[in-house]
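Everything on this sheet refers to the single structure shown next.
The values are calculated or read from the model by the stated rules, or taken from the named source; none is laboratory data. Treat the numbers as computed from the prediction; the structure is a model and nothing was measured. Methodologically, a virtual Cβ is constructed for each residue, glycine included, from the backbone with ideal geometry; neighbour enumeration extends over all protein chains shown. Protein only, heavy atoms only, side chains kept; ligands, DNA and RNA dropped before computing areas. Shrake-Rupley method; radii C 1.70, N 1.55, O 1.52, S 1.80 Å.
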Amino acid sequence: MEAPWRQGGRGRGRARPGDELAARSGAAARPPAPRGRGGARAAPAGTIGQGASGECRVLPSTRAARPRAGEPAKFDEIKKANQAAAKKLVEDQLSSSSEDDDEDAEVKQGKILDKTFTIYTSQTDGDASELERTRQYMNEAFQSGAMTCLICIASVKRNQAVWSCCGCFCIFHLVCIQKWAKDSLFLVSSPLTDDDFGKKDYPWPCPKCRFEYKRSETPSRYYCYCGKVENPTVDPWLVPHSCGQICEREFKPSCGHKCLLLCHPGPCPPCPKMVTTTCHCKKAKPVPRRCSAKEWSCRLPCGRTLLCGQHACENPCHAGDCQPCPRVSKQRCVCGRQTAERLCASPQWQCDQVCGKCLPCGNHTCEQVCHAGPCGDCPRSGKRSCPCGKTKFTLPCTEDVPTCGDSCDKVLECGIHKCSQRCHRGPCEICRQEVEKQCRCGKHTKRMPCHKPYLCETKCTKIRDCQKHQCRRKCCSGNCPPCDQVCGRTLGCRNHKCPSGCHRGSCNPCPETVDVKCNCGKTVIKVPCGRERTIRPPKCKQLCSRPPTCHHSTQEKHYCHFGRCPPCHQPCQKTLTCGHLCPVSCHDEALVKQTGSHQSAGPWEQPSEPAFIQTALPCPPCEVPIPVECLGQHEVSPLPCHSAHPYSCKRFCGRLLDCQNHTCMKECHHVTKLNSSADGKKAGPECSQCEEECTKPRPAGCPHRCVLPCHPGDCPSCLQMVKIKCHCKLSVLYIECL
């Protein structure tokens, strides 16, 4: 479906709502929508456009857009969808640390950490050695993909509501932990009856550390790490999900002081306050120490009296009670008959001899083993009962009590019937009465001796508490035992299977962690199992150690990376044929566009060959300037080495011809020297020959031209005959002109 504003803005001939009414009422027709530069029609108000910088923005509305009749619902729906898309675009720009992955982000991250630790380090004179554990949690908050919800195995972004466990400080999505708590409580309370449900506050565990929380502690709102601010705003200059205020949580173990860091993930560091305290044995003078390390030992002997009461503790000053005395001494047993070397810490001991002292009756001896105090009266003195307990006799200790002759009537092991024998010594026999017995599951009955149990062969078909498997136990009483099979379902990490017993509900998150390494393996980060496929490897600050792939012995310094090394930009420095070194950048692995002979059948066919291939290019022609003289030796010009050979300077040759009157008018050319002593300005065989007439001035009175072509030296005498008359004009003579 096309957007209403696009439908209304296309073509001037399309009628818009209200035009017909305006025409009927005589109102002037609305002018067409204004066009922007280049004739493009301006976008309607309220739509999403693209600014000069490329970002999406909502164009300001000057008047309400009027959809076509019958489409107000569609227009509102599309308008809401566009507004939601614009809002999502803004939120994605502030999403999580996955976008802050350049060098500027690392500098920014360092500033945020320094700001968070400022108050703490001011108390410790700049010592931040105790902050390493907290720094690790904060680095994970910035690291791409390091903060992972173990329930859904997805990244935790800046703009998402989260919850942090107070036991392991693991961070989960608020929605995920709420569902986890609800499912855990349901699984615990589902076996209960309706009368028992809700009477006991059953706990739910943390998915990672199994720390138990009460039902009332189920999170319902999104708070910062310190719990002061609800729904903390997304601030790029704060730790994600932090309010930016001082933490002020109580230290654990409690010392009376509060955390001085800004609101932060992970555990609070040790207390940095200074207190005055003495050692464990109280012998040394009190000294000022950090509150987190206020218990100390002076290393002097303890000196406290041990429990034996004879010796003193020789261990160095220590906390708690002294250890048992380690010395050995001779100790008598309780009865005093034997003496043995034993630890001073355990003076009371018994030997293996029977007492054997004569009892007051004078007929029997004490049968107790090594005891202290008097032996007591004879156990056979006084009134004694018969074996069944119905009759009592007063007899001397030397006589045994007789049986009374009455029936025993003691309850047998079955708990139902009584012994029918006469009073007797020793245990009663087993119950042999035949009774109608019901099996344990209650489905069958059988007449059999009372002492024998009756189990039928019927297997229980009830479903166990896992709601998956049948009990299958023979003659089950209905109280089926828990399922003894292994769950075996694939966990959310897709790498391991659930090792727990078969259960209902979701499996616990995979407890394993995976090391994600850089290419060289020296930089490692631990991520939850399953995230290693989506998280980017850590940035390594080690230099790449791969051998160069070009002709250079060493490659340019660059950091560890995956994939091919970047192109080498070192000077080639290969020796050219002219003897110079190639000065251009290395071209052993240049990208050249592939010009394959394969002709695609159409635009739908994917290219079968890459657009560019990597190949070695020959060195370019040498461009070192070489001074070269032109052919006619008129000038010397610097020329590139690859084209450094005699050239024509395009001037006239200018060498003096043999006539000694004119110069060579050819373009600059090579001249062969006939001998080494020849003048450099004299014409050679390659120069032009002078074909001019002699133009030298004639002697006075000679009107004739020189009969020779252009020549050096003086012209010869004119021998041409001329006719001259005498003075009177009567005689004519023929004489030479000279």
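Starting at the first residue of region 644-650, write each ³J(HN,Hα) from the Karplus equation 6.51 cos²θ - 1.76 cosθ + 1.60 with θ = phi - 60°, in whole Hz, x for Gly and Pro.
7, 9, x, 9, 9, 8, 6
Give, in whole angstrom and from largest to smallest, the semi-axes √(5λ) of the equivalent ellipsoid of region 607-738, with λ running over the eigenvalues of the Cα gyration tensor.
63, 17, 10
Grab the Cα-Cα distance for His371 and His257, subtract it from 0.36 nm times how many residues apart they are, and report the gain in nm with one decimal.
35.4 nm
May I ask you to list the trypsin sites (Lys or Arg not before Pro) in region 669-738 that are in a DSSP loop and have at most 16 other Cβ atoms within 10 Å of their Cβ?
Lys673, Lys681, Arg705, Lys729
Give a residue-ordered list of calculated ³J(HN,Hα) values for region 227-234 (Karplus: 6.51 cos²θ - 1.76 cosθ + 1.60, θ = phi - 60°; whole Hz; x for Gly, Pro).
These are the phi-based 3J(HN,Hα) values: x, 8, 10, 8, 6, x, 6, 7 Hz.
Please report, in whole Å³, the volume per residue of the convex hull around the C-alpha atoms of region 399-552.
259 Å³
I'd like the FRET efficiency for Gln570 and Glu635, computed as 1/(1 + (r/R0)^6) with the beta carbon distance as r and R0 of 45 Å, rounded to 0.05.
It comes out at approximately 0.75.
Evaluate the Debye formula for region 222-346 with equal point scatterers sitting on the alpha carbons, no solvent, and hand back log10 of I(q)/I(0) at q = 0.11, 0.12, 0.20 Å⁻¹, in q order, two decimals.
So the normalised log intensities are -0.63, -0.68, -1.05.
List the trypsin sites (Lys or Arg not before Pro) within region 270-344 that fall in a DSSP loop (any state other than H, G, I, E or B) and whose Cβ has at most 15 other Cβ atoms within 10 Å.
When the trypsin sites (Lys or Arg not before Pro) of region 270-344 are filtered for loop state and at most 15 Cβ neighbours within 10 Å, Lys282, Lys283, Arg299, Arg304, Arg327, Arg337 remain.
Would you please calculate the Kirkwood hydrodynamic radius of region 479-521 over all C-alpha pairs and express it in Å, rounded to one decimal?
Radius from the Kirkwood sum: 12.5 Å.
Taking every Cα atom in region 520-572, find the radius of gyration and the maximum pairwise distance Dmax, and write them in Å.
Rg then Dmax for region 520-572, in Å: 14.4, 47.
Compute the FRET efficiency between Thr672 and Leu591 as 1/(1 + (r/R0)^6), taking r as their Cβ-Cβ distance and R0 = 51 Å, and round to the nearest 0.05.
For Thr672 and Leu591, the calculated efficiency is 0.50.
Quick one: work out Rg over Rh on the C-alpha atoms of region 318-434, Rh as Kirkwood radius.
1.25
Could you give the length gained by full extension between Lys74 and Arg425, i.e. 0.36 nm per residue of separation minus their alpha carbon distance, to one decimal place?
Value of the extension gain: 116.4 nm.
Among rounded, prolate and oblate, which fits region 503-608 when a ≥ b ≥ c are the square roots of the eigenvalues of its C-alpha gyration tensor, a/c under 1.5 means rounded, and a/b larger than b/c means prolate?
Oblate shape, in that a/c is at least 1.5 and b/c is the bigger or equal ratio.
Would you pull out the residues with amide H under 5 Å of Cys388's amide H, same chain only if 5 or more places away, H placed 1.01 Å from N?
Close amide H contacts, sequence-distant or interchain: Cys404, His424.
Based on the Cβ-Cβ distance of Ser648 and His552, what FRET efficiency does E = 1/(1 + (r/R0)^6) give at R0 = 41 Å, to the nearest 0.05?
For R0 = 41 Å, the calculated efficiency reads 0.50.
Given H placed 1.01 Å from N in the peptide plane, which residues other than close sequence neighbours of Val435 have an amide H under 5 Å from its amide H?
Met448, Cys450
Given just the C-alpha atoms of region 368-479, how large is their convex hull per residue in cubic angstrom?
Residue-normalised Cα hull volume stands at 194 Å³.
Among Ser385, Cys351, Cys361, which residue has its Cα positioned farthest towards the positive end of the charge dipole of region 351-390, with +1 placed on the Cβ of Lys and Arg, -1 on the Cβ of Asp and Glu, and the dipole taken about the Cα centre?
Comparing the listed Cα positions along the dipole, Ser385 ranks first.
Could you work out the Rg to Rh ratio of region 278-348, with Rh taken as the Kirkwood radius (inverse of the mean 1/r over all Cα pairs)?
Rounded to two decimals, Rg/Rh equals 1.20.
Just to confirm, what accessible area per residue do you get for region 332-460 at 1.4 Å probe, in whole Å²?
Per-residue accessible area for region 332-460 comes out at 69 Å².
Mind giving me the nanometre distance, one decimal, between the label points for Lys410 and Ala85, set 7 Å out from Cα along Cα→Cβ?
So the two model labels end up 9.2 nm from each other.
Can you tell me the equivalent ellipsoid semi-axes for region 472-556? Use √(5λ) from the Cα gyration tensor, largest first, whole Å.
51, 11, 8
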